[in-house]
Amino acid sequence: MVNLRCPVCAGALEKRAGAYLCPKNHSFDIAKSGYVNLLLNSSQGHHGDDKLMVRARRDFLDKGYYDRFIAAVADAAAEFTPQEATVLDAGCGEGIYSLAVLRAIEKAGKHGELLGVDISKTALQYASKRSPDFTLCVASCAHLPVEDGSVDEVLNIFSPFVPEEFARVLKPGGYLLRAYPLREHLWELKALIYDTPRDNPPTPLTTEGFTLVETREVRDIIHLSCNEDILSLFRMTPYYYKTGAKDQQKAERAQELDVQLAFGLAVYQKD
Ligand SMILES: C[S@@+](CC[C@H](N)C(=O)[O-])C[C@H]1O[C@@H](n2cnc3c(N)ncnc32)[C@H](O)[C@@H]1O
Ligand SMILES: [Zn+2]
């Protein structure tokens, strides 16, 4: 079972009709679209991905371009969970990985419960449309609304990496799956936009509190045959938000692009 905790007093949250309630009567309504907002001071700070980014990611991923990697994440997730598994997708976005992981766990003859956490309400509105089978919470990866040592597996798929917090919520011996871009990931997209594109820097993989069990790499070349897909890919990356109008126009004009995908997946076990 997913053990949610109150963001105010850290008491255990219980699901009642339409809300979660803690023993001190702090109450959090479940939104119509199915998520619960457990983010305190949500009017401050950053709100995560906005509608443009979430829709671009949903539209792009639904076309199957990242399917090989999504399948690799789902397979690894199912492999490293126990028979009865609680999985936390930290920074789950619009939920395509969450659903693939849940289905892979079921396919492996196991039972999974999945909690998707994201700081973006919009992302969770989209995630809730993917399936009614997961619990969704607006919260930060840095302050997960989950009891200590209550989760079997954490997924960290291109979202903020907060190893201390992931270690806190994991059971002893629990697993952390972390995605990261390899050197040449999206090279041609960067070459289209930037005059002097740079390789992705290597991701340092050693992490205190965890043992690196193994790494896997998935490579693919995808053919984008219309401007809509090129723009969706561009808009779901941080590059779109870091470039000026002149560089953005290069993507707006492009009609075709072959792009290298190069993903790393690190599997860690909590010490
Ligand atoms: C690149 S997207 C990845 C989404 C999803 N894991 C995927 O790969 O499709 C990063 C996600 O992290 C979320 N995010 C950013 N900062 C966050 C934080 N501090 N806590 C939780 N989520 C965060 C964003 O809203 C966004 O949905
Ligand atoms: Zn409380």
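Below, the figures for the structure above:
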{"item": "Test for A56: is it farther than 30 Å from G173 by Cβ, away from ligand 2 (no atom under 16 Å from the Cβ) and in a helix (DSSP H, G or I)", "result": "yes"}
{"item": "The listed residue being away from ligand 1 (no atom under 12 Å from the Cβ), crowded, with 21+ Cβ neighbours inside 10 Å, closer than 30 Å to L224 by Cα and among the small types (G, A, S), out of A72, A127, A77", "result": "A77"}
{"item": "Residue list for region 37-48, restricted to those being within 14 Å of ligand 1 (Cβ to nearest atom) and part of a loop (DSSP other than H, G, I, E, B)", "result": "L38, L39, L40, N41, S42, Q44, G45, H46, H47, G48"}
{"item": "The one condition in (1) within 16 Å of ligand 1 (Cβ to nearest atom); (2) at pLDDT 95 or above; (3) surrounded by fewer than 18 Cβ atoms within 10 Å (Cβ to Cβ) that P7 fails to fulfil", "result": "(3)"}
{"item": "Filter result for the condition that a residue is aliphatic (A, V, I, L, M) and either free of Cβ contacts under 8 Å to residues at least 24 places away in the same chain or surrounded by fewer than 19 Cβ atoms within 10 Å (Cβ to Cβ) (or both), over L88, L40, L61", "result": "L40"}
{"item": "Selection from region 16-36 of residues that are within 14 Å of ligand 2 (Cβ to nearest atom) and not in a loop (DSSP other than H, G, I, E, B)", "result": "R16, A19, Y20, L21, S27, F28, V36"}
{"item": "Residues that are within 14 Å of the chain's Cα centre (by Cα) and of a type in the set (D, E), drawn from region 116-144", "result": "D118"}
{"item": "Subset of region 140-151 [under 20 Å from A12 (Cβ atoms) and either in contact with an Asp or Glu (Cβ under 8 Å, 6 or more places away or on another chain) or without any contact (Cβ under 8 Å) to a residue 40 or more places away in the chain (or both)]", "result": "H143, L144, D148, G149"}
{"item": "Cβ-Cβ under 8 Å pairs, at least 6 apart or on other chains, region 93-115 side free of Cβ contacts under 8 Å to residues at least 24 places away in the same chain, far side among the small types (G, A, S)", "result": "E106/G112"}
{"item": "Meets criteria (touching a residue at least 40 places away in the same chain (Cβ under 8 Å), out of contact with any Cys (no Cβ under 9 Å at 6 or more places or on another chain) and either of a type in the set (K, R) or assigned to a strand (DSSP E or B) (or both)) for L231", "result": "no"}
{"item": "Scope region 133-177; condition outside any strand (DSSP E or B), away from ligand 1 (no atom under 15 Å from the Cβ) and over 26 Å from G18 (Cβ atoms); matching residues", "result": "D148, G149, A167"}
{"item": "Residue in region 11-33 that is farthest from ligand 1 (Cβ to nearest atom), counting only those that are within 24 Å of E153 (Cβ to Cβ) and in contact (Cβ under 8 Å) with a residue 24 or more places away in the chain", "result": "A12"}
{"item": "Considering residues of region 82-110 that are in a strand (DSSP E or B) and within 16 Å of ligand 1 (Cβ to nearest atom) only, the residue nearest to D67 (Cα to Cα)", "result": "D89"}
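Results for (1) among the basic types (K, R); (2) closer than 18 Å to F69 by Cβ; (3) modelled with pLDDT of 95 or more; (4) over 20 Å from the mean Cα position of the chain (by Cα), shown as yes or no for each residue.
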residue: E184; (1), (2), (3), (4): no, yes, yes, yes
residue: W187; (1), (2), (3), (4): no, yes, yes, yes
residue: L205; (1), (2), (3), (4): no, yes, yes, no
residue: T211; (1), (2), (3), (4): no, no, yes, yes
residue: I221; (1), (2), (3), (4): no, yes, yes, yes
residue: T237; (1), (2), (3), (4): no, yes, no, no
residue: K242; (1), (2), (3), (4): yes, no, no, yes
residue: A251; (1), (2), (3), (4): no, no, no, yes
residue: V267; (1), (2), (3), (4): no, yes, yes, no
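The values are calculated or read from the model by the stated rules, or taken from the named source; none is laboratory data. Remember, predicted model here, so these are calculated numbers, not experimental data. Cβ: placed from backbone, ideal geometry, glycine included. Neighbour counts: every protein chain shown.
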